[in-house]
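Engineer: Before we start, here is the structure in question, set down as structure tokens.
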Amino acid sequence: MSATRNTNQRREVIRALERVRGFVSAQDLHGLIVRDGAEVALATVYSQLKKLSDSHLVDVVMTDRGEALYRRCVDDSHHHHLSCRTCGATVEVDAPELERWASDIAERFGYHELHHVLELNGICPSCSTR
């Protein structure tokens with residue numbers, strides 16, 4: 001596969017992510033891209049989402065069923081998410097106390113270049129009142 005094709009496919013994935021509100025599965029994103037007439041394999045969508053996630057251009061959250069959902073990053077700094085298990089609403093959370101705790105744990109055990117992911121999920125206020 002040529003670099004140009006890969007770049008075009010990456011652009012298709014990014015364009016589709018920019019049109020979606022909230023988080024979306026790779027399969028749903030692939031369906032959107034194909035409906036728009038682009039030829040991109042589902043495996044390529046997964047591959048591009050992984051690269052975009054590794055570059056911190058895409059946020060990833062895991063559902064309680066273990067499915068990864070993706071969204072174009074709103075905040076380019078390190079952050080965490082609080083997601084509703086019912087409707088999927090997501091809030092970006094800045095947690096300096098968590099960052100200090102993670103650094104303390106890494107230091108205690110001699111780890112360097114720490115990377116961590118914290119996923120919090122529950123039922124949002126809107127869904128709780130339904």
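The values are calculated or read from the model by the stated rules, or taken from the named source; none is laboratory data. Since this is a predicted model, take the numbers as computed values, not measurements. Cβ coordinates were reconstructed from backbone atoms using ideal geometry, including for glycine residues, and neighbour counts include every protein chain displayed.
Engineer: Just checking, which of GLU113, GLU99 is among the acidic types (Asp, Glu), modelled with pLDDT of 80 or more, more than 30 Å from ARG130 (Cβ to Cβ) and surrounded by 14 or more Cβ atoms within 10 Å (Cβ to Cβ)?
Structural biologist: Going through GLU113, GLU99 in turn, the sole match is GLU99.
Results for (1) surrounded by 17 or more Cβ atoms within 10 Å (Cβ to Cβ); (2) more than 15 Å from GLY22 (Cα to Cα); (3) not small (Gly, Ala, Ser); (4) not assigned by TED's automatic domain parsing to the domain that holds GLN9, shown as yes or no for each residue.
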{"site": "LYS50", "(1), (2), (3), (4)": "no, yes, yes, no"}
{"site": "THR63", "(1), (2), (3), (4)": "no, no, yes, no"}
{"site": "ALA68", "(1), (2), (3), (4)": "no, no, no, no"}
{"site": "SER83", "(1), (2), (3), (4)": "yes, no, no, yes"}
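Engineer: For the stretch 101-130, what are the residues that are of a type in the set (A, V, I, L, M, F, W, C) and in contact with a helix residue (DSSP H, G or I) (Cβ under 7 Å, 6 or more places away or on another chain)?
Structural biologist: Those that are of a type in the set (A, V, I, L, M, F, W, C) and in contact with a helix residue (DSSP H, G or I) (Cβ under 7 Å, 6 or more places away or on another chain): LEU114, LEU118.
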